[in-house]
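The values are calculated or read from the model by the stated rules, or taken from the named source; none is laboratory data. If you're wondering where the values come from, they're calculated on a predicted model, not measured in any experiment. Neighbour counts are summed over all protein chains in view; Cβ atoms, including those assigned to glycine, are modelled from backbone coordinates with ideal geometry. For the accessible areas, the whole protein counts, side chains as well, though only heavy atoms, and no ligand, DNA or RNA atoms are used. Shrake-Rupley method; radii C 1.70, N 1.55, O 1.52, S 1.80 Å.
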Amino acid sequence: MGSPTTPLADTSPTTVLVTGGAGYIGSHAAKALRQAGHRVVIYDNLSAGHREAALGAPLIEGDIGDVDAVRRAIRESGATAVMHFAAWLAVADSVRDPAGYYRNNVTGTLGTLEAMAAEGCTRFVFSSTCAVYGEPVETPLRETHPTAPINAYGQTKLAIEQALPHFERAYGIRSIRLRYFNAAGADPDGELGEDHSPEVHVIPRAFEAVSTGTPIDIFGEDYPTPDGTCLRDYIHVTDLADAHVRALARLEQGGASASYNVGTEQPSSVRDVIAAVERVTGKPVLWRSAPRRPGDPAVLYASAERIRKELGWVPARPALETIVADAWRWHSTHPGGFAGAAR
Ligand SMILES: NC(=O)c1ccc[n+]([C@@H]2O[C@H](COP(=O)([O-])OP(=O)(O)OC[C@H]3O[C@@H](n4cnc5c(N)ncnc54)[C@H](O)[C@@H]3O)[C@@H](O)[C@H]2O)c1
């Protein structure tokens, strides 16, 4: 792990419409695309995103389900590819509000795909998730693992993955589906970071515990894992961003549609995360025991063999300590998120 990544084959600059590009992962990917020489136009309804996260790239405010508006955005920007991050992603909310999740993540995405088909825009990189697999029957998870989501969120992502071959056959839209594991960390330059409200992910939650003294809940300590807490695969957001640049290059070079896991292949427990946060911040993290959450598998981590072999992707910042340190730098310089940058 951490060995140098394979350099990207040269691809000509492309104009990419980045839906959800004002959000956490989308903003990091938009930055990486610009650094790779591509032109980026962000399309976001700012329901969970931040204008500042566009870092000065053109930002069109609109909804992904508004076919006419997406068509206009593609036409006027001259985009030949769409990177589609826009979605809702809180598993528990998706269980409470499947109607909203299907409307936003499925109907909305179908609207974007319809707009692409109408405008002849035929390259699509899709933010999918390891939640498409459901309860693992074996780990590490390979892309060939059965897909059987156990919550509405995972099901909405799988619905789009399953629609994509039809859109390819009928309209020629080729796609790369990137199945992320647990996105974490922040831009090492300190320009971007995670700013969700409320924070649902364990690393920013642990920072909140450090800053406010409010304990973090550990959901289940009796899992069949070495320390009893769940094992997850934390992947640095800039490594995820690099996977997107590579996915685009693959489509640009005429590569076939495919699904790829994006993870470090290293499982870390909730206690490992808390210990790393304590080491990085130099402060104790208060925690309390809470019951298991329904639908939380004990162990989820990736085999990233396929993306390594086919896209030459290797994570450059795989260590949990690095991920936490980068996230902490962002958190401590932006205590209130984008709106609350420390001066
Ligand atoms: N964060 C993770 O660990 C993780 C893991 C697996 C997959 N994903 C997927 O990655 C993508 C990005 O996640 P994130 O953590 O950056 O989330 P985020 O909430 O920070 O970003 C999503 C962005 O999409 C925008 N958006 C949402 N609905 C929209 C709509 N209808 N029209 C236009 N814009 C809309 C939001 O305003 C926000 O800026 C999502 O598709 C998510 O399902 C995330």
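Please list, in order, the residues from segment 25-49 whose amide nitrogen is less than 16 Å from a point placed 7 Å along the Cα→Cβ vector of Thr333.
Counting only backbone N, you get 28.
Among Asn182, Ala327, Gly65, whose Cα projects farthest towards the positive end of the dipole of the chain, with charges put on the beta-carbon of Lys, Arg (+1) and Asp, Glu (-1)?
Comparing the listed Cα positions along the dipole, Gly65 ranks first.
What FRET efficiency, computed as 1/(1 + (r/R0)^6) with R0 = 30 Å and r the Cβ-Cβ distance, is obtained for Ala90 and Gln253, rounded to the nearest 0.05? Please report the intermediate quantities before stating the final value.
Numbers: r = 36 Å, r/R0 = 1.19.
After rounding to 0.05, the efficiency reads 0.25.
Over the chain, give the accessible area per residue in Å² for a 1.4 Å probe, as an integer. Intermediate results must be reported in sequence, preceding the final value.
Numbers: 14140 Å² over 343 residues.
Per residue, the chain has an accessible area of 41 Å².
Calculate what fraction, in whole %, of the accessible area of segment 219-278 sits on carbon and sulfur atoms when a 1.4 Å probe is rolled over the protein chains. Walk me through the numbers before you get to the answer.
Values: 810 of 1650 Å².
Looking at segment 219-278 in its full context, I get 49 percent from C and S.
Determine, from the Cβ-Cβ distance of Ala163 and Asp68 and an R0 of 22 Å, the FRET efficiency 1/(1 + (r/R0)^6), rounded to the nearest 0.05. Each step should come with its number before you reach the end.
Values: r = 20 Å, r/R0 = 0.93.
For Ala163 and Asp68, the calculated efficiency is 0.60.
Tell me the label-point distance for the pair Arg142, Tyr171, using the 7 Å Cα-to-Cβ offset, in nm and rounded to one decimal.
Between Arg142 and Tyr171, the simple spin-label model gives 3.3 nm.
Using label points projected 7 Å from each Cα along Cα→Cβ, tell me how many nm separate Glu114 and Asp222, to one decimal.
For the pair Glu114/Asp222, the computed spacing is 4.9 nm.
Rounded to the nearest percent, how much of the accessible area of segment 33-159 (1.4 Å probe, protein heavy atoms only) is carbon and sulfur?
On the way: 2690 of 5440 Å².
So the carbon and sulfur contribution to the accessible surface is 49 percent.
How large is log10 of I(q)/I(0) for segment 206-314 at q = 0.11, 0.14, 0.15, 0.19 Å⁻¹ when the intensity is taken from the Debye formula with one equal scatterer per alpha-carbon?
After summing over all Cα pairs, the log10 values are -0.49, -0.71, -0.77, -0.98.
Positive end of the dipole of segment 28-99, charges at C-beta (+1 Lys, Arg; -1 Asp, Glu), about the Cα centre: which of His50, Thr80, Ala99 has its Cα farthest in that direction?
After comparing all options, I get Thr80.
Would you mind checking the tilt of helix 202-212 against the longest principal axis of the Cα atoms of the chain, expressed as 0 to 90 degrees and rounded to 10?
50 degrees
Tell me the angle of helix 270-281 to the major Cα principal axis of the chain, expressed in degrees between 0 and 90 and rounded to the nearest ten.
Here the helix axis deviates by roughly 80 degrees.
Count the net charge of all other residues whose Cβ sits under 11 Å from the Cβ of Ala275, scoring Lys and Arg as +1 and Asp and Glu as -1. Walk me through the numbers on the way to the answer.
Values: positive: Arg271, Arg279; negative: Asp227, Asp272, Glu278, Glu321.
Around Ala275, the charge tally is -2.
Rg (Å, one decimal) plus Dmax (Å, integer) for the alpha carbons of the chain?
19.1, 56
To test your reading of the geometry: what angle, between 0 and 90 degrees and rounded to tens, separates the Cα axis of helix 24-35 from the longest principal axis of the chain?
Its long axis makes an angle of about 50 degrees.
Which of the lysines could be linked to Lys31 by a straight reach, that is with a Cα gap under 29 Å, when you skip same-chain ones fewer than 8 residues away?
Lys157, Lys309
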